[in-house]
Amino acid sequence: MKFIEKYNHKKNIRYNSFKFALTEAYRRGLKTLVETGCARGKIKFLFFSKKNWKDGMSTMIFSDYVKYVNGSLTTCDIELRNINNAKKFVKENSEFVNFVVDDSLNFLRSFKKKIDFLYLDSLDGQYNEASTHQLEEIKIAKDKLSRNSLILLDDKGSKTNLSIDFMLNNNFKIINETEEQVLLSYQ
């Protein structure tokens, strides 16, 4: 999984967490990834989007992973502009990525496949309802998770408090934790 090394950027504060999570996903043979909240980058000169390493660029990393394992990534974002930026970032892996413009709760309700790896990063943590929203996401997705699946929660503290309590009371176990993210395994 040498592809992951290209994401070891000095501004990518989530790099070690992503590396741990995807190494574990590979060890478990996980191939169906779902992401709520895609890598949106940042706008430069009104027209051009560029990578935003402080956000971790999750969609790029996940698209490289699913290409490596011949899997699939479905990423959902409520903003079409974010989806269009993410498409630019992953154009060489586009055959492995499905893009959905929708609210993450609607998307997760309608998702029909089993989920091996779930990344919850929709609704930025500065919004009051972010914790409740993430809790609703995991409640909806719980029955869609495959055995031995992994769930990576982003923005630890600002939106993970309710979801972590719920998950620990429902057969999930924390297997890695950083200042920004929490990785849980579903038993």
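You will find that of Lys156, Lys142, the residue that is farther than 27 Å from Ile13 by Cβ and of a type outside the set (Ser, Thr, Tyr) is Lys142 and no other. The number of residues in the stretch 17-38 being out of contact with any strand residue (DSSP E or B) (no Cβ under 9 Å at 6 or more places or on another chain) and polar (S, T, N, Q) comes to 1.
The residue pairs whose first member lies in the stretch 1-12 and is under 13 Å from Tyr65 (Cβ atoms), whose second member is assigned to a helix (DSSP H, G or I) and modelled with pLDDT under 90, and whose beta carbons are closer than 9 Å, counting only pairs six or more residues apart or on different chains, are Tyr7/Trp53. Could you tell me whether any residue of the stretch 12-30 is at pLDDT 95 or above and β-branched (Val, Ile, Thr)? Yes: one or more hits. Of all the residues in the stretch 158-169, those that are at pLDDT below 95 and part of a loop (DSSP other than H, G, I, E, B) number 3. Where helices (runs of 4 or more DSSP H) fall entirely within the stretch 58-153, those with at least 3 residues that are β-branched (Val, Ile, Thr) are at 58-69, 130-141. Entry remark, the stretch 101-129: residues being at pLDDT below 90 and farther than 30 Å from Arg27 by Cβ number 6 in total.
The values are calculated or read from the model by the stated rules, or taken from the named source; none is laboratory data. Quantities reported herein were computed from a predicted structural model and do not represent experimental measurements. Note: ideal-geometry Cβ built from the backbone for every residue, glycine included; neighbour counts use all protein chains shown.
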